[in-house]
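A short write-up of the structure that comes next.
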Ligand SMILES: Cc1cc2nc3c(=O)[nH]c(=O)nc-3n(C[C@H](O)[C@H](O)[C@H](O)COP(=O)(O)OP(=O)(O)OC[C@H]3O[C@@H](n4cnc5c(N)ncnc54)[C@H](O)[C@@H]3O)c2cc1C
Ligand code: SF4
Ligand code: SF4
Ligand code: FES
Ligand code: FES
C-alpha cells in the first residue's frame, strides 16, 4: 500500500475511534453492544442485560468506560508487527519506501525506550485473546431479542458475527500466536498437532495485513451500526 | 519483436566520484539488463566494470540498482521497460563504490564471520544424522539465499545510516542466526550459546523495524521478515520478556 | 624489479569452488597456513550453479546400492576410459564426504526416516543423488564456505586473527605458477579490484579452477571458465590428458538467444520429464545404443512404469548418459524434427502436478518463468545441447592428486583429468570435488610439511618480472614493448579488441570442434586458432588497471587459446567416437583406442628446461619427436610457430606464443578384482581380447 493511503486510513480510524470512545453514548442497543464498550468495567455503564458488564472499577471512574478497555486492543494493534510496519513507513517515513532515503539524521530502531516496548506485543496478544473471547460472547448475545429471549437474529447479529470472525482471524494470524503455537519448537516432527496448527496459522499470518485492515474496518462498522440503531437513526432489520 | 535502440544511463566512476554516462545501445528480443551491459562492454566501453557469473539468478553477483530499484541485472528483462524509457543503472548504494557498478561488499563478509558457526551435536557421528523433512524446511528456506546482498543494500538501517553498520548485521545475517537457531541438530545451546539472545545483543536485531524492504527485494523470494526476523524477535521475547514462559520455567524448575 | 605484493603460505589453493574449498579445509586442518585464491567473490564459484545433486552410494533410497555399483556405473558412463583407481576411490569415499557436510551444517532433503534423500539421474542404476531441491551446488558451496568461516572463527578465538591461518584472496586472478627448478615455488597474479600484482610464495599449489566452457559459444558455463588451471598447469610443465572429451549437456535453454546454453537440470528428466520432437514422438527409444540395450525400456509403457516401480521395469531412455541424449537431440534437430527455436521439447507438466514441480524443481520453474516466459508446470520447455563440462584435465596421480612431473603441483575438481573418462555422469562431479579436493589438500599439506622453510623453493626475480610484463602487456605502453610491435610477424598489425577475439574463438570452437566433429573441420579450427593466437598478441585494452574487464579478458585469452588447441589437437587425433567425443567420420567406438590416453603438453617443454615456462616461446614448432600424435601438432604449429619465432624479441613474448604438442600413452591396466565386478560379456564391448585374457 502506498504510504499516503496507509496514513490516511489510520488517521480516519483514529479520528473516528476518538470521537466514539469519548462520546460515552449510543453504545448499546439491546441486544447489541458496541465492541468499543465491551467489556464495560466501570459502574457508569448502561445496563447491558447479561452482557459483559462488570463494574470492576467501581464508581470513581467518571470518564467514558470505553477508555478503560480500548487500551487493550489499542496496545495490541500499536505493537502489532504489521501496524508497526505501516506507521513506521506511512507516518514516520522510516523508510518512506524501499530504497528511498529516509529523512532522519539518526536511527536506532527498536533498540531503546520507548520503541523497545514493542517487545510487549506478546502480552497484548494474550490480552487480545481475552478481549476476543468477550466479544464472541457479545456476538452470541446478539441471538437474543431486546428482552433477553433467545431465538432472535437481526442485521446487527450478522454485523457482530462478521466482526468477531474477522477479529479472531486477525488475532490468530498474529505473529506472536504463530510463534507460541509452534514457531518456537525445534522439532516439528515430535509435535505433529502443533505443527499442523502452525501451518494453518502461518497461512493466515501471510494475510495478516489484509486481516488487520478488514478487522479494523469491521470494528468501526460494528460500532457505527450500534450507534445508528441506538440513536434511532436506523431500525435493525430483524430476520426472525 | 525485433531489435531497437535503447537509451541507457550507467554510472561510471570510482571511489573519488563519478556520474551517469549516456549510451545508445541495441536491444534484442528476450534480453536482460546484463546483456545490454555486456554489449556496452563489447562495443562502447570495454572497461566498464561489472560483476556477474551465472547469468541465471543463481550466484548473486550482478546486483545493482535499475531505475532506482535494487535488482539482479541478469533477471531484469528489458521487456519490463517501454522502448522509450531511459534505463538507469547504478551501483548498490549502501556499499562503497570500487568502480562503475562494482562495490566493496566486504561489510557482508565481516558480518558473516561474526555469526558463530553450526555447532555439531556431541556424540552423533557423521552419517548418523537423522532429521525429518519438516524439521529442516524452515532453515532450508533461508539456505536458498544466494548472497546477492540486495537485502543488505536495501535495508534502511544501514542504507541511510553508515553509523549503524558496526552494530547491525543486516537481514542476511540475522537470517543466518535464525537458520542456525532453527536447525534441528544445532548444539549451540549445549555449548552455552543463546543464538536468539545474541541476535538482539550482538547482531542488532532491535534496529530492524520490520518494514519488510528486505523481503520485497529478495530475488529468491525468501520471506525474510515473516519467517526469520519476526520469529527471531519472538524468540528474543521468549528469553527476555514473556511472563508465561518465565512463570513456566520457574514452575518447571521447581518441579525438577 | 617489479613492484609486487608478496605473501608466504604453506599451501596455496587456486580456486574456491567445491574442490578448492574442500582442499583448503583439509590443508588448514592439517595445520598448514593456507591461502585460497579465486576470481569471483567468495561463495560465487561455478559450483554454486550445480543443480541436480551429489552422487554417493549411501543406499538411503535403495538398499542395494553400494560403492561397487557406483563404480560400475561410473566406468560405463566414461566408456571405460576412466582411470579406474580414481573411479574406485571416488565411489568408496563419496558417502563419507557427503555425511561430513552434514556435520558442517548442510541440510539435504530428507527421506521419510530422516536420512538424506537420493534422486535418480542419468546413468546411475539406483537413486543416488543427495540433493536440496535443484540447488545442490549452492548448498555445497555455502556449507564449505561456512566451514571455512568456522575454522577462521576458531583461529580468531585462539589468536585474535581471523585470517592468520586460512585466508581467502577473493577477486584475484592467478596468471602463472612460479617454479624453482623442477619444483613449484608459488603463484603470480593480479588483484582484479585494484590491478595490483602479487606473488604468493608456497611450496605446494593446488589447482582447482574448474572448466573451459567459455571457449565455446553455447555453454552453460560462466566467464570464469576460461581454462586457467589447465593452462597454468601446461605452462608449468604438467601434462593434460583426455582433452578431446567435452560433455555437451543435452538440455540447455535454446530461447531467448541471450540465455541460450543456460542449463536445464537433468533432474527434470530424473523426476519424470520426457523428450519429444516436433511430431510429438518420444524419440529416445530409437537411440538406445547396443551397449545399453538390456538396461533401458523399449516401450513407453515400460518406461512409464519405472517411475513408480523401478524393481520390475527398466528405466526410460531419457535417462541414458548425457552424451547419448545430446547426440540424439542433435540428430532430431538435424532431421528437421526440432522445435521452433532449434531444440526439442522437454515436458514435465504432463507427469507431475504443478505443486510437485514447484517443490522439486523450484529454480527451473523460476528460471523459465523469468527468462523465457514459459510456465513449465503447464507447457513444455525447448531444450538443446550446450557445452557443459570438461572431462579432460591435469594428469594426476590418482591417490594424491599430484600433477605428474611437477613436484608441489596438485589438481582437483573439473581441472583434473582421468576420473570421468570420456563422459561424466551427472552428480559425479560434486562428489569428485569433495573426494579429490580433500585428497589434494591432504597430500599438498603433507608435501609442504615435509619441506621446512630453508628447503623451500623460491621463485627468482626475473621470473616474476617476466610474469609481470606478461600481465601488463595488454596495456601496451606499460608493458614497455610498445604495444603492437612489428615483431609479431603480422602484416598491418592492427590493434585487436579482446571481446572480438573471444567471440571468434567461441565461434570456431562451437562450429568446428563442437558436439559432432569431422577431421577437415578440426584442421581448419587449428589454423584459425593459430591465427587467433597471433592476433591475440595484439589485443590492446583501454582504461586503467582498476577492475578492468577488457584487460582481464585479454589475459584469459591466452588460456582459452592454449586449451582450445589441446582440445582440437586431441580431437583430431582420436579417430573413433566415444563419450564426449563424436567423430562423424569415425562413428564407431574402437576397443584399441580405449587403451590410449592422449597427453597434451607444452611444445618445447624439454628444450625449455625446468625453469619457468617463460622461455618456451620460440620453440613452438620444434617438438617433433614426441610420438605419433605430434605430427598434427607440428602441422598446426607451422604457421604460427614462425610468428612465435620472430616475435620472441623480449621477455614479454612468453605464453601467448607457446604452442602445444600431443603424445599417446597407454592406460594402466585395470586391477583384476575391479574387472571382476563386471560380466565378461559386457567387458568385451570395451576391452580388447588380449586385455581380457591377460
Ligand atoms: C549449470 C551447471 C549445473 C551443474 N550441475 C551439476 C550437478 O547437478 N551435479 C554435479 O555433480 N555437477 C554439476 N555440474 C558440474 C559441476 O558443478 C562443476 O564441474 C564443478 O562445480 C566444478 O567445481 P570446481 O571446484 O572444479 O570448480 P569451480 O566451482 O568452477 O571453481 C573454480 C574456481 O577457480 C577460480 N579460478 C579459476 N581460474 C582462476 C585463476 N586464474 N585464478 C584464481 N582463481 C581462479 C574461480 O574463481 C573459482 O573460484 C554443473 C555445472 C553447471 C555449469
Ligand atoms: S525488515 Fe528489518 S531487516 Fe528487513 S529491511 Fe526492514 S528494517 Fe531492514
Ligand atoms: S536473503 Fe535474498 S536478498 Fe538477501 S542476500 Fe539472500 S538472496 Fe539476496
Ligand atoms: S497482531 Fe499483528 S503481529 Fe500480532
Ligand atoms: S549473474 Fe548470477 S545472479 Fe546474476
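What follows draws every value from the coordinates through simple rules; no lab data is involved. If you're wondering where the values come from, they're calculated on a predicted model, not measured in any experiment. Virtual Cβ from ideal backbone geometry, glycine too; neighbours counted across all protein chains shown.
Structure above, values below:
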quantity: Order of C:334, C:92 under a 10 Å beta carbon neighbour criterion, fewest first; calculated: C:334, C:92
quantity: Peptide-level mean, for A:91-103, of C-beta atoms on other protein chains within 10 Å; calculated: 5
quantity: Dimensionless Rg over Rh [the protein assembly as shown; C-alpha; Kirkwood]; calculated: 1.03
quantity: Cut-off 17 Å, label 7 Å out along Cα→Cβ of residue B:250, residues of the range A:116-130 by amide N; calculated: A:123
quantity: Candidates A:78, A:117, A:141: whichever shows maximal mean-square fluctuation once chain A is modelled as a Gaussian network with Cα springs under 10 Å; calculated: A:117
quantity: Cβ-based exposure ranking for C:369, B:55, B:233, in which fewest neighbours within 10 Å come first; calculated: C:369, B:55, B:233
quantity: Cα gyration tensor category, rounded, prolate or oblate, for the range C:247-388 with a/c compared to 1.5; calculated: oblate
quantity: Calculated [θ] (222 nm, deg cm²/dmol) that DSSP helices of n ≥ 4 give over chain C, each run adding -39,500 (n - 2.57); calculated: -11500 deg cm²/dmol
quantity: Considering only the protein assembly as shown, percent of DSSP beta bridges that pair antiparallel, nearest 5; calculated: 70 percent
quantity: Computed [θ] at 222 nm, deg cm²/dmol, chain B (DSSP H ≥ 4; -39,500 (n - 2.57); rounded to nearest 500); calculated: -9500 deg cm²/dmol
quantity: Contour minus Cα-Cα distance for residue B:162 and residue B:86 (0.36 nm per residue); calculated: 24.3 nm
quantity: Segments C:587-597, A:53-63 sorted - mean Cβ within 10 Å per residue, highest first; calculated: C:587-597, A:53-63
quantity: Estimated inter-spin distance, residue A:105 and residue A:60, nm [label 7 Å along Cα→Cβ]; calculated: 4.5 nm
quantity: Where N is the number of residues in chain C, Cα Rg divided by 2.2 N^0.38 Å; calculated: 0.91
quantity: Two-site FRET efficiency, residue C:311 against residue B:191, from Cβ-Cβ distance with R₀ of 51 Å, rounded to 0.05; calculated: 0.65
quantity: Exposure proxy ranking, count of Cβ atoms within 10 Å, fewest first, for C:352, C:433, C:81; calculated: C:352, C:81, C:433
quantity: Acute angle (nearest 10 degrees) that the helix C:362-372 long axis makes with the longest principal axis of chain C, alpha-carbon atoms; calculated: 70 degrees
quantity: Highest-MSF residue in chain A out of A:180, A:219, A:69 [GNM, Cα springs under 10 Å]; calculated: A:180
quantity: Spin-label pair residue A:25/residue C:404, simplified geometry with 7 Å Cα→Cβ offset, distance in nm; calculated: 10.3 nm
quantity: Antiparallel DSSP beta bridges within chain C, as percent of all bridges there, nearest 5; calculated: 65 percent
quantity: Pair residue A:47, residue A:145: separation of 7 Å Cα→Cβ label points (nm); calculated: 1.9 nm
quantity: Inter-chain shielding of C:68-78 (mean C-beta neighbours from other protein chains, 10 Å cut-off); calculated: 0
quantity: Rounded tilt (10° steps) of C:630-647 against the dominant C-alpha axis of chain C; calculated: 40 degrees
quantity: For the range A:165-209 versus the range C:16-35, the gap between their alpha-carbon centres in whole angstrom; calculated: 44 Å
quantity: Spherically averaged projected area of the range C:172-249 from its Cα convex hull (nm²); calculated: 6.1 nm²
quantity: Degrees separating the helix A:208-230 axis from the principal Cα axis of chain A, which is the longest one; calculated: 20 degrees
quantity: Choice from A:148, A:109, A:50 showing the highest fluctuation, given a GNM over chain A with Cα pairs closer than 10 Å; calculated: A:109
quantity: Peptide-level mean, for B:182-195, of C-beta atoms on other protein chains within 10 Å; calculated: 2
